[in-house]
Amino acid sequence: MSRQLQGLGEEAGGGVRGRARSGSPGTGDRSGRRPSRKQAPKAQGAPGKRGAPPGRKERAGGSPRPGSPRSKQAERRRPREELRKPERSTAERTSEGRRKRDGRASFKEQRAPPKKEKEMPRKEEMWKPLKKHRSSSLASSTSVGESLSEEELAQILEQVEDKKKLIATMRNKPWPMAKKLTELREAQEFVEKYEGALGKGKGKRLYACKMLMAKKWVKFKRDFHNFKTQCIPWEMKIKDIESHFGSSVASYFIFLRWMYGVNLVLFGLIFGLIIIPEVLMGTPYGSIPRKTVPRAEEEKAMDFSVLWDFEGYIKYSPLFYGYYNNQRTIGWLRYRLPMAYFMVGVSVFGYSLMIVIRSMASNTQGSTSEGESDNFTFSFKMFTSWDYLIGNSETADNKYASITTSFKESIVDEQESNKEENIHLTRFLRVLANFLIICCLCGSGYLIYFVVKRSQEFSKRQNVSWYERNEVEIVMSLLGMFCPPLFETIAALENYHPRIGLKWQLGRIFALFLGNLYTFLLALMDDVHLKLSNEETIKNLTHWTLFNYYNSSGWNESVPRPPLHPADVPRGLCWETAVGIEFMRLTVSDMLVTYITILVGDFLRACFVRFMNYCWCWDLEAGFPSYAEFDISGNVLGLIFNQGMIWMGSFYAPGLVGINVLRLLTSMYFQCWAVMSSNVPHERVFKASRSNNFYMGLLLLVLFLSLLPVAYTIMSLPPSFDCGPFSGKNRMYDVIQETIENDFPTFLGKIFAFLANPGLIIPAILLMSLAIYYLNSVSKSLSRANAQLRKKIQALRELEKNHKSVKGRATARGSEDTAKGSPQNATQLQLTKEGATPHSASQSQTLDKKTQGAGTSSSASETMLPASQHLPVSRPPDVRPDSGRGRPHTHPWKSASGKSAGRPPH
Amino acid sequence: MEKPSLGRGQPTASGHAASLQFPGCPGSRDFPDAPYRIPPKVAPATACGRAHRRFCELLPQEHRSVEESLQIRVSLEQILSLPELKANPFKERICRVFSTSPTRDSLSFEDFLDLLSVFSDTATPDIKSHYAFRIFDFDDDGTLNRDDLSQLVNCLTGEGEDTRLSASEMKQLIDNILEESDIDRDGTINLSEFQHVISRSPDFASSFKIVL
């Protein structure tokens, strides 16, 4: 529709032009043209007073109007005119363009009334002042400076920019789709036409080309964006869960997906830079002792029970640290594997730190003002508590209940915030609960320490049972399974608000996991030290064996002995591989326990409840066992600690990340299925909100805590003498020094040595801590200033409130007085009043309207016009009230349709 | 009114609006020359196609062609039966706000797209809060007065008798809300006051969305 209308608009513009030309036959005669412009409005004003007559419209609609052909036609027409009147200046041409535009603008106004009757009457009206203002400003400038081509050019340019901005911000306008469409098309046509017209000759073609490319580019970008959103894995699964369980459960899955992405990157790093080069270019299996299964283990090395414990062939594979050779370079690429191993170990931590901190930062940027949230507790509960994603009636019922409870709670809180019943009992119970929980934590820590110690005893014995071998993992998993519910039971004593209770619970589970992990690490460290102390004797033994082998008598001296088979060489215990194996086992057992818990605790329980309900004494679904809820905090913490183990273990077991990627992948599918099949929505549905950052903070803490032991072992323990890429070195980081000495020019080595000087490092650390102190104090003072400003604003607001009621009455009386004073003022006041008072249902644009009505004086004088328009037509033009503005009357119906159409004259 | 009929993928298509086909929609093969044009960035093409498919499912079998589905209106009851809206206490308000028909009781495909674009992830918080205001404004008078607020509370607390608030609780609640957000003290909350409050809410934008 807009196209036809625009065609009409242009025709109208052309009509104006034609008349204007006929009115001034002398080309370039400026004085002759001026009166002609005054004739034009009269000619057109008559039919246009109240919208276009239907006849005109049909004629316009009949004219074919494809997109650019018409503009081409217009272009073609222009040269013809130029031929006829070669002396016409560019200024004239642009003014003509402007007039054409005026015609369009006026037509826009003209179009408004029929639309108004059709749909959204209030909205249409709302936008009129804006349009009116735009066209009038243009018009006024024409009459003042017709010769100023640059000015007009600039004005058109400005309008083009306006339209472009409109196109860009179309999404942010609260219009219905139909209006968006028409507005968009209009703006686009305008931009296309006039932007092209601004360029001349070749520039125009270039411009068209550019526009075409831009269009293509936009389309490509959109397609690419679509493609990208389609590529997000599990998006639909997560949305499905989101709609059933609300956003909090979905936030766990989003976190899981994020974790999977991070692990994929780590996996790529480790596999691409360590494992694959080693497999492709390193010496093959069986060539040297560290890559060979020892003779004693050989016959059992392929048994599944051995492999399941990551012994046998798996232990002597690139999945573990011990397999790697200490050759400086491998293969024809001269790949420096030990160096790469070290750097990848460092960059795994570097990348993880960076990505965690970055996502934390991006999370905090979203939340602008945490402090202000307590100002609006009720309003937030009221306006933002409904989760629109909920599509399940059961969840919706829970949500209703939780909203009601929160309303009631907050009302009660407001009414009696300081009421405490028997504070002594509560305090006693809380202390008791904390005491019990600390006992639990200590007990679990001791249990783990005891078990790890025992497992070291077992490892010395020859034949140990399956349970004895896996005791540590089993005990740790069981503790992780049974302690959280125990804590929850104890926490019932405390009688905290559930939100605070949840935080305590999270903190306690965190402490439990952390304590367990660190006890495990300490016990492991004991083991490592034991192995290190044994290393010297084994080293001697190895040397002795080799020496004996080569120097033994009994062999023919003339023939050199074949080298000793690698499987027969006695070798050290390789504590690094042992640590790696421990982490590997822990990860696998953790995974299995998680899956079994889900299967038994959720799925079988759900099956039992579902099917036994038919023949049971009480209602199983509503009563005791019922269905399981999805335990968000436990799952998130489990995920976080699992990731901590991966970070700790990945240096000593490069294959660990691969296993973890598999684990995350399977648990994504498995948990999605389990949630949808056997869990019920939470009884108290709470929103995910920004607790994401809380999880991220935990993750960062765990990352840091898992960095510590790895850094300690790298920095202060000597590597094993006969396994791993750093064997034979005093410390693992010596590999960097070696690389610098051998592969870089000497001056670089000197620079590095200089940089590593404690005399430089200590000042650098000092400087950094000073910088942290400074930045911290700056941020503190800024936040203090922020708080003060907020207080000031609040005080001002209070003041304003008090004033307003008094002042409002006063101004009302005052305005009445001025209204009596002058009739013109009265009209204005009345109009501005109308602009300020919201129309019955124009809630959408009240604000815009206010600014339009009161903000610009020009629009106020514009709106004055309709009142004067209804005066007798015979009135001489020089007494018009708006003569000061030099208003062009090419389209007097514009204002008529603007206000007086909706409001009868008085 | 003549429909702008443009060939598929003609570069002369004016503006940045792309002509778009609905690949998954039944009947789109029959009308290769009747593309539907949507403004860019209102919704991505695939999402639009999905929306149209969902919209088609609401229509009777004989009206499912592209041409007809763009013209026809779907009644309120059918829209309300969508599983995404079924559990929503504001479903009727949502439909009324987005409906452009004079009686405000039916949605055309454009209205439906409007609805989805406002409730999509990509809509700006301003747009979302604007429409939230209109949804909460039960009597369509441009402000949230006490009646609107009490109706809103009733929507949020559900149908059940046990979850309803008593009159005194309701009064207390509404007093508190007005105390917090009615900046100019006129006894009602207008759009700017509403947006002032909403813009400070950390999780409004994440919960004010509907996914097809």
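Residue A:168 meets the conditions (1) among the hydrophobic types (A, V, I, L, M, F, W, C); (2) in contact (Cβ under 8 Å) with a residue 24 or more places away in the chain; (3) open to solvent by 30 Å² or more (accessible area, probe 1.4 Å); (4) under 27 Å from residue B:132 (Cβ atoms) in every case but one. The failed one is (2). For the range A:241-257, the criterion of being under 28 Å from residue A:695 (Cβ atoms), more than 20 Å from the chain's Cα centre (by Cα), at pLDDT below 90 and open to solvent by 40 Å² or more (accessible area, probe 1.4 Å) is met by at least one residue. State yes or no: is residue B:188 more than 8 Å from every other protein chain (Cβ to nearest Cβ), touching a Lys or Arg at 6+ places or on another chain (Cβ under 9 Å) and at negative phi? Judged against the criteria, residue B:188 is a match. Annotation for the range A:770-783: at least one member residue is under 30 Å from residue B:207 (Cβ atoms), assigned to a helix (DSSP H, G or I) and among the polar types (S, T, N, Q). I'd like to check something: does the range A:769-781 contain any residue that is of a type in the set (Lys, Arg) and closer than 21 Å to residue A:347 by Cα? No, the range A:769-781 contains no residue that is of a type in the set (Lys, Arg) and closer than 21 Å to residue A:347 by Cα. If the condition is being of a type in the set (Lys, Arg) and either assigned to a helix (DSSP H, G or I) or at the interface with chain A (Cβ under 10 Å from one of its Cβ atoms) (or both), then the range B:74-116 contributes B:86, B:91, B:93, B:96. Considering each residue of the range A:771-790 in turn, at least one proves to be modelled with pLDDT of 65 or more, closer than 23 Å to residue B:184 by Cβ and out of contact with any helix residue (DSSP H, G or I) (no Cβ under 7 Å at 6 or more places or on another chain).
The residues in the range A:782-804 that are open to solvent by 80 Å² or more (accessible area, probe 1.4 Å), of a type in the set (D, E, K, R) and away from every other protein chain (no Cβ under 11 Å) can be counted, and the count is 3. Against the list (1) open to solvent by 10 Å² or more (accessible area, probe 1.4 Å); (2) facing chain A (nearest Cβ under 9 Å); (3) touching a residue at least 12 places away in the same chain (Cβ under 8 Å); (4) in contact with a strand residue (DSSP E or B) (Cβ under 9 Å, 6 or more places away or on another chain), the condition residue B:122 fails is (4).
Test of understanding: among A:453, A:399, which residue is within 14 Å of another protein chain (Cβ to nearest Cβ) and not in a loop (DSSP other than H, G, I, E, B)?
Details: A:453 fails: within 14 Å of another protein chain (Cβ to nearest Cβ).
Only one candidate qualifies: A:399.
Quick one: in the range B:161-178, of everything that is in a loop (DSSP other than H, G, I, E, B) and open to solvent by 30 Å² or more (accessible area, probe 1.4 Å), which residue is farthest from the other protein chains (Cβ to nearest Cβ)?
Only one residue tops the list, namely B:161.
Out of everything in the range B:191-203 that is open to solvent by less than 30 Å² (accessible area, probe 1.4 Å) and more than 11 Å from residue B:125 (Cα to Cα), what residue ends up being farthest from the other protein chains (Cβ to nearest Cβ)?
If we filter the range B:191-203 for residues that are open to solvent by less than 30 Å² (accessible area, probe 1.4 Å), which is where we start, we get B:191, B:193-194, B:197-198, B:201, B:203.
Subset that is more than 11 Å from residue B:125 (Cα to Cα): B:191, B:193-194, B:197.
Details: B:191: 6, B:193: 9, B:194: 7, B:197: 5 Å.
Taking the candidates together, the pick is B:193.
Of all residue pairs spaced 6 or more apart or on separate chains, those with beta-carbon atoms under 6 Å, a first member in the range A:182-203 that is over 12 Å from residue A:166 (Cα atoms) and a second member that is at pLDDT 75 or above are A:194/A:156; A:194/A:160; A:195/A:160; A:196/A:207; A:199/A:207. Restricting attention to the range B:125-145, the residues being under 25 Å from residue A:169 (Cα atoms), open to solvent by 30 Å² or more (accessible area, probe 1.4 Å) and at the interface with chain A (Cβ under 8 Å from one of its Cβ atoms) number 1.
Can you report the number of residues in the range A:434-456 which are among the polar types (S, T, N, Q), at pLDDT 85 or above and surrounded by 19 or more Cβ atoms within 10 Å (Cβ to Cβ)? Steps first, please.
To start, the set of residues in the range A:434-456 that are among the polar types (S, T, N, Q) comprises A:434, A:444, A:455-456.
Right, trim to at pLDDT 85 or above and you get A:434, A:444.
Pick out the ones that are also surrounded by 19 or more Cβ atoms within 10 Å (Cβ to Cβ) and you get A:444.
The total comes to 1.
Going through (1) hydroxyl-bearing (Ser, Thr, Tyr); (2) at pLDDT 50 or above; (3) open to solvent by 70 Å² or more (accessible area, probe 1.4 Å); (4) more than 30 Å from residue B:153 (Cα to Cα) one by one, residue B:65 falls short only on (3). From the list B:150, B:181, the one residue that fits, being in contact with a His (Cβ under 8 Å, 6 or more places away or on another chain) and either closer than 25 Å to residue A:798 by Cβ or more than 9 Å from chain A (Cβ to nearest Cβ) (or both), is B:181. Scanning the range A:691-731 for residues that are in a loop (DSSP other than H, G, I, E, B), touching a helix residue (DSSP H, G or I) at 6+ places or on another chain (Cβ under 9 Å), free of Cβ contacts under 8 Å to residues at least 60 places away in the same chain and not basic (Lys, Arg) yields a count of 0. Kindly establish whether residue A:204 is closer than 30 Å to residue A:389 by Cβ and either basic (Lys, Arg) or at pLDDT 85 or above (or both). No: the conditions fail for residue A:204. I'm told residue A:480 meets every condition in (1) open to solvent by less than 80 Å² (accessible area, probe 1.4 Å); (2) over 25 Å from residue A:529 (Cβ atoms); (3) at pLDDT 85 or above except one. Can you identify the failing condition by its number? Residue A:480 satisfies all of (1) open to solvent by less than 80 Å² (accessible area, probe 1.4 Å); (2) over 25 Å from residue A:529 (Cβ atoms); (3) at pLDDT 85 or above except (3).
In the set (1) out of contact with any His (no Cβ under 8 Å at 6 or more places or on another chain); (2) among the basic types (Lys, Arg); (3) open to solvent by 20 Å² or more (accessible area, probe 1.4 Å), residue A:215 fails one condition alone, (1). Of the listed requirements (1) surrounded by 15 or more Cβ atoms within 10 Å (Cβ to Cβ); (2) modelled with pLDDT of 85 or more; (3) more than 26 Å from residue A:652 (Cβ to Cβ), residue A:762 misses just one: (1).
The values are calculated or read from the model by the stated rules, or taken from the named source; none is laboratory data. Remember, predicted model here, so these are calculated numbers, not experimental data. Don't worry about glycine lacking a Cβ; one is built from the backbone with ideal geometry, like all the others, and counts go over all protein chains shown. Note: accessible area is taken over every heavy atom of the protein model, side chains too, but ligands, DNA and RNA are not part of it. Shrake-Rupley method; radii C 1.70, N 1.55, O 1.52, S 1.80 Å.
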